[in-house]
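For reference, the structure discussed in these notes is given below.
None of the figures in this text is laboratory data; all of them are computed from the coordinates on show. Nothing here was measured: the structure is a model prediction, and the numbers come from that model. Cβ atoms come from the backbone with ideal geometry, glycine included; neighbour counts cover every protein chain shown.
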Amino acid sequence: MTLTRLIRLAAELLYPPRCVLCQDIIPFHAPRGFCQKCRENPDIIPEPFCPKCGAPIEYEGTCDGCERLAPRVFDLNRSVFAYKSPVSDSVHRMKYAGRSDYARAFGKLMAELIPGYFSRAEISFDAVVPVPLHESRLAERGYNQAGLLAEEISKATGIPLVNLLTRVRHTEAQYNLNPSQRRANLAGAFVVNLGGDENIPYKNILLVDDIFTTGSTLNECSAVLRNRGAAFVGTYTFSMAVRHHTVDKFSQI
Ligand SMILES: [Zn+2]
Ligand SMILES: [Zn+2]
């Protein structure tokens, strides 16, 4: 056994690898990332989905969020997990606690689920595009989590990764804003990287982010891509803040 291997073994005995979701210890010879339990039975958002945004619904038709926040400029959104513990804790660690390695496992899972989520659209994507961070945020964090997710998706699917968008304005945090304030806050925040104003050479785009909250960021990015000739923008996030009003309508009937 080489010294490096010995050191790695000792490190793993002291700090055994843990599941990126439930934090259970992963046995020594098992693959890293998700533990066996989370891999075999992922607690993903169950069908039926809102046909537009992918939120869980308990009634026919588009969800309240899509009705309230119309127009949805993206063609179709799908999100894997509801943003609640332990998923929210993991996303938080990925973004704010330096666990960029989580994005590798998350992106791989996202890639595996693409056929089920997007096959009905009968679309073949020309480019995987991450939602960009503003350069000041990127400098602070050191990585763009959406970029890492997109990179893994690209590696696993062969769809080219294209950093097509730049965030030119540092926007205010969105959680206290209502929908129209969110739209105003994001207006002009993103631009296409290719100079000029000619159409981009990608028709069908898979736009990737870590979380879908109201969809306003994805909507704004989709609008920018549409303005430059994208024919179809599918948006895809690892998690979604599932709003209770998506089921309220059903419970009131
Ligand atoms: Zn687990
Ligand atoms: Zn919806």
_So, restricting to helices (runs of 4 or more DSSP H) that lie completely within region 1-96, which ones have at least 1 residues that are within 17 Å of the chain's Cα centre (by Cα) and away from ligand 2 (no atom under 12 Å from the Cβ)?_
87-96
*Would you pick out the residues in region 142-156 that are in contact with a helix residue (DSSP H, G or I) (Cβ under 7 Å, 6 or more places away or on another chain) and either on the phi > 0 side of the Ramachandran plot or of a type in the set (Lys, Arg) (or both)?*
none
*Which of the following residues is out of contact with any helix residue (DSSP H, G or I) (no Cβ under 9 Å at 6 or more places or on another chain), buried (at least 21 other Cβ atoms within 10 Å of the Cβ) and not aliphatic (A, V, I, L, M): 124, 222?*
222
*Quick one: residue 100 ticks every box in (1) within 16 Å of ligand 2 (Cβ to nearest atom); (2) within 20 Å of residue 150 (Cβ to Cβ) bar one, so which box is it?*
(1)
*Could you run through region 68-93 and say how many residues are within 16 Å of ligand 1 (Cβ to nearest atom) and more than 21 Å from residue 206 (Cα to Cα)?*
8
*Go through region 47-78 and give me each residue that's surrounded by fewer than 18 Cβ atoms within 10 Å (Cβ to Cβ) and either in contact with a strand residue (DSSP E or B) (Cβ under 6 Å, 6 or more places away or on another chain) or basic (Lys, Arg) (or both).*
68
*Here is a list of conditions, (1) crowded, with 19+ Cβ neighbours inside 10 Å; (2) part of a helix (DSSP H, G or I), and residue 136 meets all of them except one; can you say which number that is?*
(1)
